[in-house]
Amino acid sequence: MNKNSVQPFGIKDKLGYMFGDFGNDFTFILSSMFMMKFYTDVMGVSAALVGVLMMAARFVDAITDVTMGQIVDRSKPTKDGKFRPWLKRMCGPVAIASFLIYQSAFANMAMGFKVFWMFFTYLLWGSIFYTSINIPYGSMASAVSPEAKDRAELSTFRTIGATLAGLVIGVATPMVAYEVVDGATVLSGSKMTIIAGAFSVCAIICYMLCFNLVRERVEVPQNNSKLDVGAMIKSIFTNRALLGIIVAAIMLLLGQLGMSGMQPYIYPVYYGSASAQSTASLVGSVAMLAICAPLAVPLATKFGKKELAVASCLAGAAVWLVCLVIRPSNPMMYVAIYTVSMIGLGMFNTIIWAMITDVIDDAEVKNGVREDGTIYSVYSFARKLGQAASAGMIGAVLTAIGYTDAVAKAPADYPEVLSGIFTWSCLIPAIGLVLVALALMFIYPLNKKTVEANIAELKSRK
């Protein structure tokens, strides 16, 4: 790769990186928000079993994530770079696998087949194809620019991409996918299949925009060292920065996905309003774009990424505890509380990807070896543990409070179930965000001063 022929870092890279996570989340957010709802209400599978699937898949990811990280680290750079080619190779398979999950035509098949189909398609999508595109995409940030400010901007634009995907999926899907049957707001299986197909096409378009707009400028050499699993596991527990961000990521996903996973139950079932779910996604996304996106980097630059993350997570948790106490009867009041909490959570989400590059830099300073793919894959697996915990938790909670597809069809007949849905919709994000703040405060060591010292040290070496 001729560095002189590559355009300087600029808006094309930021927009391209934004489209990369836009593509990721066309399938990821759809899964986290609607897969459990689809399989409980359309396919008739118990929430606990769907949760077990999502947890089991994460154990598969323990192998596939680290394997993909090793493949990326050992791959030879091409004319398109080291990480970008994976976007073109894998965008089609990940999109098709996502579409296959939501096949409502199988709703009348035997339960054994439906469970098999759920396991097969979810593992194919998440553990194989999503992993094979997400890890190279995330690792690519450190190859786009060596500058901390540029990487922070990439992190911001990545969050903007995720927010836009959440806006499209969260607003459009409830408006189209739900229908009123005998006075109850229920999910239409056939509409979900069409929506999943449309989003898969959108994902491919976004991945290709990312491939064509982003350029790699930092040469990351091929790593031919032999994989030492024992040493890698040891490094996780001896590297405080990596351990801290892993614990924080697990807790973040526990709260964030727990919150989004409860939305198809709190709005259509508890409040009886699918439009409120669309409104929440719309207003929450606008707040992220209007407040978090422009302010996160300046605030992180002034106070430090760790410092900003701790404060914002504690603020988000406090909002949910207030909601639990006042128990608003108006869905729009709940939407307002959700929006304020999204601002707190959004500050951390906007800078978290830049914090990963800080961890990679810190490991290079200490060990003299740069392993973007391996560290990112370990972090990616940690996020999937958070996804598993949230999915398993939601499935267990819904089953424990007595939720079945019958509740969706006649919610007024199940007041105790409705009360449980509301209580846990507040407790899950509140607990998750408090635990994120504690992990960053007491485990993660990379404060503003340490990050700046690491950057200066790496520049002096190069």
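Cross-link partners for Lys448 among the aspartates and glutamates, with Cα-Cα distance under 17 Å and sequence neighbours closer than 8 places in the same chain left out: Glu147, Asp150, Glu153, Glu307, Asp358, Asp361, Asp362, Glu457. Charges on Cβ only, +1 for Lys and Arg, -1 for Asp and Glu, centred on the Cα centroid of the chain; of Met347, Pro415, Leu324, which one is farthest towards the dipole's positive end? Positive-end residue among those listed: Met347.
For a straight C-alpha distance cut-off of 17 angstrom, the lysines reachable from Lys88 (same-chain residues fewer than eight places away being disregarded) are Lys76, Lys79. Using Cβ point charges alone (K and R +1, D and E -1), the dipole size of the stretch 311-377 about the Cα centre works out to roughly 480 debye.
For the listed residue pairs Lys302/Lys384; Lys149/Lys305; Lys12/Lys302; Lys14/Lys149; Lys82/Lys149, the alpha carbons are over 20 angstrom apart in Lys302/Lys384; Lys12/Lys302; Lys82/Lys149.
Dipole magnitude for the chain: computed about the Cα centre from +1 point charges on Lys and Arg Cβ and -1 point charges on Asp and Glu Cβ, it is near 1160 debye.
Here the chain is treated as an ellipsoid with the same Cα gyration tensor; its semi-axes, largest first and in whole Å, are 36, 24, 20. Tell me the angle of helix 47-74 to the major Cα principal axis of the chain, expressed in degrees between 0 and 90 and rounded to the nearest ten. Relative to the chain, helix 47-74 is tipped by roughly 10 degrees. Dipole of the stretch 230-379 (Lys/Arg Cβ +1, Asp/Glu Cβ -1, origin at the Cα centre): which of Leu295, Tyr338, Ile245 lies farthest to the positive side? Result: Tyr338, furthest along the dipole toward the positive end. Only lysines eight or more places from Lys191 in sequence, or on another chain, were considered; those with a Cα closer than 20 Å are Lys37, Lys114, Lys409. Ligands, DNA and RNA aside, Ser200 has an accessible area near 10 Å² when probed at 1.4 Å.
Largest first, the residues Met55, Met347 sort by 1.4 Å accessible area into Met55, Met347.
In the assembled protein chains, Leu252 presents an accessible area of approximately 0 Å² (probe radius 1.4 Å).
Computed from Cα atoms, the angle from the helix 415-442 axis to the main principal axis of the chain rounds to 10 degrees. Given a 1.4 Å probe and the protein chains as shown, Val434 ends up with an accessible area of around 50 Å². Dipole check for the stretch 1-84: with +1 at the C-beta of Lys and Arg, -1 at the C-beta of Asp and Glu, and the Cα centre as origin, the magnitude is about 480 Debye. Kindly express, to the nearest 10 degrees and within the range 0 to 90, the angle between helix 189-213's C-alpha long axis and the longest C-alpha principal axis of the chain. Roughly 10 degrees between the two axes.
The values are calculated or read from the model by the stated rules, or taken from the named source; none is laboratory data. Predicted model only: the values in this text are computed from it and were never measured. In this analysis, Cβ positions are derived from the backbone assuming ideal geometry, glycine residues included, and neighbour counts consider all displayed protein chains. When the accessible area is computed, the model is the full protein with side chains, heavy atoms only, and any ligands, DNA or RNA have been set aside. Shrake-Rupley method; radii C 1.70, N 1.55, O 1.52, S 1.80 Å.
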